[in-house]
Each structure stands twice: as structure tokens, then as C-alpha cells.
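Some notes on the structure that comes next.
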Amino acid sequence: MAGRYAAGRPYVHHVAGSEILRRCGHVARAVDIGSGTGLSARALLGGADVVVGVDPSAEMLGAAFRHASIRYVAGSAEQLPLLAGSFDLATLGSAFHWCDRQAMFSELERVVRRGGGVAVYDVELAGLAEAPALLDWLRADYWTSLPTCQHNGAFDVRLHVRRPFTIIDNTTLHAEVAMTVDELVSFVLSQASSINAVTAGASSIDALEARLREGLGQHLRRGTATARFDVPFSLLRKVA
């Protein structure tokens, strides 16, 4: 799974990194929670002197993006192996839905200094410029045929913002990236829904790949497509 994630996830996190820098300025220390293979940690390099990426999977961290300013540690959002008040900024990129919200916010309150920021964002495939019907096929045919993947739901500012945090930005950013058919297949196979189907014994990875290649072949006539991503983005500040 770590290898598929590292190979299949496109780097669009820079749009979140740029928005964080614009709103927060340069900071000394940032922690990226749920770093996975380091795409979200990489996005912080332009705005933080030191980045610490935290993830519970040693395999994911083993496949993570490497940089002299990034240090990775194994740990969970609910029990961060970090000192109190030691970070100016915390981020959760495509990770909030895996976390226990109450425990996570307690840890954010502990490790983020007063006045520090917390950015929560996701990365969602919004369509392909050259194949507008492909997303409909994924929704109606591919994803709905897979067993339900259990997680805790997306971030919602109306439900999840709590003291001592206050919301200062809530928007949807956008990104585009050119992707080949192989890259699109790898991306969908790296999603939790596909991995869960294999783990649950509902399908094999080879069968899912064959279905995806057949569907892509019906909708995408060229070898490369412009993939469009929505990035729902929220920025919180610790006010007390």
C-alpha cells in the first residue's frame, strides 16, 4: 500500500502550502499530522524552517519524500510524540477523516502554541478536462461497487471547530496536473476504497486494475489528461 500511495498520489498539496504561507507567514516549526508518504510535509517547506511529519505507519514513512528540513516520527494524531507548545503550525492533509476528533483536538491544543495555526484540507478528484464523463463513471460504476470504507467523515467547520481554536479561513482551492493513464490507475488504486476492497477480500488488486483500465479506455482517448482537483481548505487559529 505504501508503494502504491507513493507512486499514485499526484503532488497538488502546494496549493494548500501556498495558502498557509499567505495567511500565516513563515514559521519556525510545523508539524504535519498523517504525513503518509510526505506529500503534505513537502508542501510546508517554503513556509517553515523545520517540518516534523507524523504518521502511525512505519511503511508509509519509509516511502516518504526526503528533505534535510523534514524529520519523520511514528505516532498518531490522538497521541502525538511531541512536546507541549512546541509548534507554530499543524496541518492535516487528507488525514482528518481517519482521526478521533476529540482526542486529536486535545493533542492539537497541547502541541500548538498560542496564536499558532491549524490547517485542515483534503484532495478530491473533480474531473478530467479531456474526459468529463469519466468521473461520473467512477462514481456510478466503480466506487459504488466497492464495499463501504469506514472512516470518521470529512472536516466541517460548523461541527468541528472548538475552543481554543477559531476559524479564520474556509475555502476551496483548485489544482490541475497532467496525468497519464498509468498514473490515473495508480491514483485510484491508492485510494482507501480500493485498498479496503482488497483487504476485505471483495476483489483482487489485479481485478480492480483491469476494471479501471477498461473504464479509462472507454472515456480517455489520449494518453495524458489534465486532472482537476478540489482542495477544501480550512485554517484555524489557537486564540487562547
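Per the conditions (1) surrounded by fewer than 21 Cβ atoms within 10 Å (Cβ to Cβ); (2) of a type outside the set (Lys, Arg); (3) touching a Gly at 6+ places or on another chain (Cβ under 8 Å), the sole criterion not satisfied by SER35 is (1). Only one entry in ALA133, ALA41, ALA126 is under 30 Å from HIS219 (Cα atoms), of a type in the set (A, V, I, L, M) and modelled with pLDDT of 95 or more, namely ALA126. Here is the figure for segment 44-60: residues that are modelled with pLDDT of 95 or more and either touching a Phe, Trp or Tyr at 6+ places or on another chain (Cβ under 8 Å) or at positive phi (or both) total 4. With respect to the conditions (1) farther than 30 Å from VAL31 by Cβ; (2) free of Cβ contacts under 8 Å to residues at least 12 places away in the same chain; (3) part of a helix (DSSP H, G or I), ARG158 falls short on a single one, namely (1).
The residues of segment 16-32 that are surrounded by 18 or more Cβ atoms within 10 Å (Cβ to Cβ) and not in a strand (DSSP E or B), listed by number, are ALA16, GLY17, GLU19, ILE20, CYS24.
Name every residue in segment 62-71 that is surrounded by fewer than 17 Cβ atoms within 10 Å (Cβ to Cβ) and in a strand (DSSP E or B), in order of residue number. Residue satisfying the conditions is ARG71 alone. Test ALA74 against the stated conditions and say whether it is of a type in the set (A, V, I, L, M), farther than 24 Å from THR172 by Cα and surrounded by fewer than 23 Cβ atoms within 10 Å (Cβ to Cβ). So ALA74 fits the description; yes. Just a yes or no: is a residue in segment 169-184 closer than 30 Å to ARG114 by Cα, part of a loop (DSSP other than H, G, I, E, B) and in contact with a strand residue (DSSP E or B) (Cβ under 8 Å, 6 or more places away or on another chain)? No, every residue in segment 169-184 fails to be closer than 30 Å to ARG114 by Cα, part of a loop (DSSP other than H, G, I, E, B) and in contact with a strand residue (DSSP E or B) (Cβ under 8 Å, 6 or more places away or on another chain). Scanning segment 38-61 for residues that are in contact with a His (Cβ under 7 Å, 6 or more places away or on another chain), assigned to a helix (DSSP H, G or I) and either aliphatic (A, V, I, L, M) or surrounded by fewer than 20 Cβ atoms within 10 Å (Cβ to Cβ) (or both) returns a single hit, LEU39. The residue that is farthest from the chain's Cα centre (by Cα), counting only those in segment 1-19 that are among the hydroxyl-bearing types (Ser, Thr, Tyr) and at pLDDT 90 or above, is SER18. The single condition among (1) in contact with a strand residue (DSSP E or B) (Cβ under 9 Å, 6 or more places away or on another chain); (2) surrounded by 12 or more Cβ atoms within 10 Å (Cβ to Cβ); (3) closer than 21 Å to ARG222 by Cα; (4) not hydroxyl-bearing (Ser, Thr, Tyr) that PHE155 does not satisfy is (3).
The values are calculated or read from the model by the stated rules, or taken from the named source; none is laboratory data. No experiment lies behind these values; they were computed from the predicted model shown. Virtual Cβ from ideal backbone geometry, glycine too; neighbours counted across all protein chains shown.
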